[in-house]
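Worksheet: one structure, shown below.
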Amino acid sequence: MRKVGSTLITNVEAKLILQAADRRNKEIDEKMELGHEQKVTLDYLRNFAKVSKSDMEDAKKKLSELGVLKEHQIIMLLNLLPKTKEDVEIIFQKERTTLTKDQIEKILEITKKV
């Protein structure tokens with residue numbers, strides 16, 4: 001197996017991809033299942049990724065419009081959905097990006113609506 005490429009995706013997008021793969025496998029052969037790691041991941045995502053795809057895409061667009069966040073930071077924020085200023089600060093502790101109080105408030109406005 002070789003790596004063809006990679007793309008950063010949110011937990012919601014990962015859940016949708018795994019659900020589609022599971023359905024496709026069932027259509028091909030009723031006994032065909034996802035691999036162990038895929039099943040465990042899908043179970044986890046079913047429990048924790050409960051946001052709709054459209055809400056996630058809207059939030060992703062709004063976060064990118066802030067102009068200070070990199071793609072991996074946006075994905076991290078959408079996967080964790082911080083609720084407080086401290087949550088955002090913890091997420092960005094090891095990042096080189098320094099956020100102002102105003103930027104943190106805008107991030108929280110967006111993530112709280114999701």
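Structure values in brief
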{"quantity": "Qualifying position, being among the acidic types (D, E), more than 14 Å from the chain's Cα centre (by Cα) and more than 19 Å from I17 (Cα to Cα), among D102, D43", "calculated": "D102"}
{"quantity": "Residue among E57, E65, E89 that alone is free of Cβ contacts under 8 Å to residues at least 40 places away in the same chain, closer than 20 Å to I17 by Cα and among the acidic types (D, E)", "calculated": "E57"}
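Here's the yes/no breakdown for (1) touching a Lys or Arg at 6+ places or on another chain (Cβ under 7 Å); (2) surrounded by 10 or more Cβ atoms within 10 Å (Cβ to Cβ); (3) not assigned by TED's automatic domain parsing to the domain that holds P82:
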site	(1), (2), (3)
V40	no, yes, yes
K60	no, yes, no
S64	no, yes, no
G67	no, no, no
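The values are calculated or read from the model by the stated rules, or taken from the named source; none is laboratory data. Since we're looking at a predicted model, the values are computed, not measured. Glycine gets a Cβ as well: all are built from the backbone with ideal geometry, and neighbour counts include every protein chain shown.
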